[in-house]
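Encoded as structure tokens, the structure appears first; notes follow it.
The values are calculated or read from the model by the stated rules, or taken from the named source; none is laboratory data. On a predicted model such as this, the values are computed, not experimentally measured, just so you know. All Cβ positions, glycine included, derive from the backbone under ideal geometry; neighbour counts span all protein chains shown.
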Amino acid sequence: MNFSLREVSRENWLPIALLQVADDQKQFVAPNSFSLAQAHYAPESKLVPLGAFDGDTPVGFVMYGQYNHDGQDLWLIFRLMVDKNHQRKGYGRAILAQTIERMKMLPDCEAIHISFLPENTAAKNLYTGLGFEDTGTIDEDEVVYRLKVV
């Protein structure tokens, strides 16, 4: 595996936008095209969209940024997906691990939050496997997990 995360650019945005999850996962994650538009048109969230590549092949997408919740700026992974043709190859774990490492370098990032629908057991297993813990909070029907990084 020659895995890397790359900034979404003029040259690679379309292949990233066209990636899709399996049909039974579509209720769990917004389409990448929506996420890319959100990153562009919601600058107040300081969203960072990244394409996941194995060599030159796009295999997934992640987007993180800051979110103001009740007057507190939180760092959050907004999106994480692996294309339906590249699942069960370790890319989800690689994407999440590299994203965590990037976020740890942010000077004001003390914790990383991530949320998901409770029935998404694959997401729960991935997140807890990398140290995320349940906060006991539900936000818009999603459970919120947190990883302390300091």
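The condition of being touching a His at 6+ places or on another chain (Cβ under 6 Å) and modelled with pLDDT of 95 or more holds for only one of Val59, Val48, that being Val59.
Restricting Ile16, Ile77 to residues that are of a type in the set (A, V, I, L, M, F, W, C), crowded, with 21+ Cβ neighbours inside 10 Å and part of a helix (DSSP H, G or I) narrows the list to Ile16. Set side by side, the residues Pro43, Pro31, Pro49 differ, and just one is surrounded by 21 or more Cβ atoms within 10 Å (Cβ to Cβ) and not hydrophobic (A, V, I, L, M, F, W, C), which is Pro49.
Restricting attention to the stretch 43-78 and to residues that are acidic (Asp, Glu) and in contact with a strand residue (DSSP E or B) (Cβ under 7 Å, 6 or more places away or on another chain), the residue that is farthest from Leu96 (Cα to Cα) turns out to be Asp73.
Would it be correct to say that Leu117 is aliphatic (A, V, I, L, M), more than 17 Å from Val21 (Cβ to Cβ), in contact with a strand residue (DSSP E or B) (Cβ under 8 Å, 6 or more places away or on another chain) and surrounded by fewer than 19 Cβ atoms within 10 Å (Cβ to Cβ)? Judged against the criteria, Leu117 is not a match.
One line per residue, one yes/no per condition, for (1) farther than 14 Å from Leu5 by Cα; (2) acidic (Asp, Glu):
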site: Ala52; (1), (2): no, no
site: Met63; (1), (2): no, no
site: Asn85; (1), (2): yes, no
site: Thr99; (1), (2): no, no
site: Glu110; (1), (2): yes, yes
site: Phe116; (1), (2): yes, no
site: Leu126; (1), (2): yes, no
site: Glu142; (1), (2): yes, yes
site: Arg146; (1), (2): yes, no
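When the stretch 90-130 is filtered for residues that are under 14 Å from the mean Cα position of the chain (by Cα), assigned to a strand (DSSP E or B) and over 18 Å from Lys26 (Cα atoms), the ones remaining, listed by number, are Ile112, His113.
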